[in-house]
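Take a look at the structure set out below.
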Amino acid sequence: MAKERDIDKIFSDYDAFLASIGLGIAKDNKPKPSTFAKIDDESIALAKALDKGTFKRESFMQGYRKIMLAMYASNAEFMHKNGFTENEMIDLKSNYNKITKSEYAHLVAKIFKNKEIYGFFLSFLAEDVKTVFEALVWKNTVSDEDILKELGIKVINDIEKKTYNNKTYFEQELKKEFLLLAIETETKYNYLSNSYLKTFLLELPIELRLVLKEYYDKPLYYNFVPLIEEPQTNFIANNESEIFINLPNLINYFQQGNIKTSATGKVMSSTLGKIRKSLNINEFYPETAPKEVQQLKTYLLASLVVCENKTKKEANVMGILKKFIEKTYPKKYNSHTHILTNLKGGHHLYNINDIETTFVEIIRQLPTNEWISTQNFLDFISLRSYDFHVATIYEMCNYLTYETGGKFGKEKKQLSKASLKNFVIEPLIKGNLMLWACYGLIEIAYDNVNTEELGKTYFSVYDGIKAIRLTNLGAYILEKTTEYEAPTVKQNYNLSFSTENLIILVEGETSITDNLLANYADKVGSNRYAVSNESFLKNVSNKRELKTKIDIFKQVVNSNLPTNWKSFFAILDKKIDPLTQIEDVLVFKIPSDDPELIKLLIQNPAIKKLLIKAEDYQIIVTKKDYPALRNKLKTYGYLLA
């Protein structure tokens, strides 16, 4: 494999090489840039993407120019076969300052047009550069610090400098051999050294990565690889049975107006404790856990429920879950609002990326009842280039902030491109996994979270999740299977229904039933509730809403109701909207001071038969008979407009 010094030697001898093939350039007759050779459609598309993407002209000129010349000098015939021309090489040698960025992109695109020339290109890279380049085929933007940590390769030089008061500090500079990568620099001021600390972000444009991935065997975690053993974590949570209790109870609680939200639609933290206690929700973490995670399940459960209208077309749990995953979650749920709880400024984001639809697509690919590590899930997303930027990079870096402990108390910090992975992308993915776990669609294995300092000991309250497993319920809701047997659920209270009147008696914990039955009945004793027409019809305005409320009530009470209760519901249904509005009639008011007209309308047989009703100085006539009435009255001198 050629080293960098080999390229330098080839490059230094390039004048001799050009002369040897009859392309020597007179020093006093510098040629003008030539017309670049035509390239195939795929290369044209890539060239346009490289031109408009994150590559800078400097990357092309300083990173690729010398390599392309060395490749041509090493095997001109092979380069000709792959679309490079002699005139292009002359321009690269002597007129490189006049070549535009788009023209450079046009040339560089040819390097990646097929596996053979790409392999030839790699052979001219130094070993460290090749390692980083190939790693970036499968990774998004990576900082110089992460490259050092993950690959053991230092891509920067620390240049020793002096401050105005002669203090020594080091300034970071990217090594020139890495200039062939798309580079961004983020700078932070260091007060201690009175200098700026630079972070270099290296990447390959997504359009190029998609091309290059086809030249490689897929990495292990490109697919989901089931764990051989059950994960060893502090906790494992499967909410598959509990959701059949939690969901109808939570919807009922929401319909009572008991879940408070902010102006942005986010569930307010002040209401979580009451929700959890009222509905007896078993949390992910014990009460001894840090306060940031104590009510996490309650919050996530409520965050999806409040996105749906109060009226449901489906009232059974299976129907509601299907609607949530097919419609509510992808169309109404905003992860940047509900999941990124540690970040502020989300209401300023405008160009929102639809990550929820993408997430459903990914979850659907999980194997059923197989443990998958969270790292495997993250790598699956990254290696397949799924986009989990919640908005544009510009918006996220300019509007999203977080608070962390500073020297003088709480300090607000703005996100940078380098921090998006830790503060946005991974929390979005992990948080959505925990949301799905709340609804019993996946099972999770997770550890405690050290919430001591945001940005240092943790990046989100979802950091503890270590492995996931698609449940039978999840497979059914995602239509991976066609059959599902709902589990039997047990309550810590017992309800009995009178067969003679609409009275409910409670045995057990009444603090829970007070909330569960508040939307249906009035409490008339310490453990007695009375249902009436008025109590049950609260917040009901039509037949569909009544049917939904009856269905949810049956799920809440989870009981085979006596005949008198079924009759009550049947009678309620008949009494809803019993009057039929007649659309094709007109109603007119008769002037009380016109006795002649009144007598005419009441006593004239020809006119009287055209009227449906004449009472209290009002008459009703069908639209069909109105023209005849108008003509009759006209003969007596009355003109209707």
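Data for the structure
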{"read-out": "Probe 1.4 Å, all protein chains present, accessible-area order of 215, 299, 394, largest first", "value": "394, 215, 299"}
{"read-out": "Loop chymotrypsin sites (Phe, Trp or Tyr not before Pro), region 113-195, which have at most 12 other Cβ atoms in a 10 Å radius of their Cβ (DSSP)", "value": "164, 191"}
{"read-out": "Between 0 and 90°, nearest 10: helix 543-557 axis offset from the chain longest Cα axis", "value": "80"}
{"read-out": "Whole-number percent relative contact order across region 593-641, with pairs defined as alpha carbons under 8 Å at least 6 apart", "value": "22"}
{"read-out": "Global form of region 129-274, assessed from the alpha-carbon gyration tensor, a/c cut-off 1.5", "value": "oblate"}
{"read-out": "Excluding exposed DSSP-loop GluC sites (Glu not before Pro) (at most 13 other C-beta within 10 Å), longest clean stretch of the chain", "value": "1-213"}
{"read-out": "Taking the chain and dividing mean pair separation by its residue count, relative contact order in percent (alpha carbons under 8 Å, at least six apart)", "value": "11"}
{"read-out": "Overall dimensions of the chain as given by Cα atoms, namely Rg and Dmax in Å", "value": "36.5, 122"}
{"read-out": "Dimensionless Rg ratio for region 91-153, taking C-alpha atoms and the 2.2 N^0.38 Å reference", "value": "1.38"}
{"read-out": "DSSP-loop trypsin sites (Lys or Arg not before Pro) across region 555-641, with at most 11 other Cβ within 10 angstrom", "value": "609, 623, 624"}
{"read-out": "Sequence of 524, 556 from largest to smallest accessible area, 1.4 Å probe", "value": "524, 556"}
{"read-out": "Ellipsoid semi-axes in whole angstrom, largest first, where each is sqrt(5λ) of the Cα gyration tensor of region 315-427", "value": "29, 18, 14"}
{"read-out": "Cα-Cα separations in region 517-595 greater than 21 Å, expressed as whole percent", "value": "44"}
{"read-out": "0 to 90° range, to nearest 10: angle between helix 127-137 axis and the chain longest Cα axis", "value": "20"}
{"read-out": "Carbon and sulfur %, accessible surface of region 80-130 computed with the full protein complex present, 1.4 Å", "value": "46"}
{"read-out": "Shape call, region 50-96: gyration tensor on alpha carbons, a/c limit 1.5", "value": "prolate"}
{"read-out": "Over 21 Å between alpha carbons, listed pairs 291/430; 274/327; 66/110; 297/480; 549/574; 48/110", "value": "274/327; 297/480"}
{"read-out": "Residues of region 404-557: accessible area per residue with a 1.4 Å probe, Å²", "value": "46"}
{"read-out": "Approximate spin-label separation residue 457-residue 570, in nm, with each point projected 7 Å along Cα-to-Cβ", "value": "6.3"}
{"read-out": "Rg to Rh quotient for region 412-524, alpha carbon positions, Kirkwood Rh", "value": "1.18"}
{"read-out": "Cα gyration tensor, region 258-398 - rounded (a/c under 1.5), prolate or oblate", "value": "rounded"}
{"read-out": "Degrees, to the nearest 10: 426-438 long Cα axis against longest axis of the chain", "value": "30"}
{"read-out": "Loop-located trypsin sites (Lys or Arg not before Pro) in region 511-546 whose Cβ has at most 16 other Cβ within 10 Å (DSSP)", "value": "538"}
{"read-out": "Rounded percent of accessible protein surface that carbon and sulfur make up, region 362-477, 1.4 Å probe", "value": "43"}
{"read-out": "Solvent-accessible area of residue 146 with every protein chain in place, 1.4 Å probe, in Å² to the nearest 10", "value": "50"}
{"read-out": "For region 108-123, 3J(HN,Hα) per residue [Karplus equation, 6.51 cos²θ - 1.76 cosθ + 1.60, θ = phi - 60°, Hz, x = Gly/Pro]", "value": "5, 4, 5, 5, 10, 5, 8, 5, 5, 6, 5, x, 4, 4, 4, 5"}
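The values are calculated or read from the model by the stated rules, or taken from the named source; none is laboratory data. Keep in mind that what you see is a predicted model, and the values were worked out from it rather than measured. Positions of Cβ are backbone-derived with ideal geometry, glycine not excepted, and every protein chain shown enters the neighbour counts. In case anyone asks, the SASA skips ligands and DNA or RNA and just uses the protein heavy atoms, side chains included. Shrake-Rupley method; radii C 1.70, N 1.55, O 1.52, S 1.80 Å.
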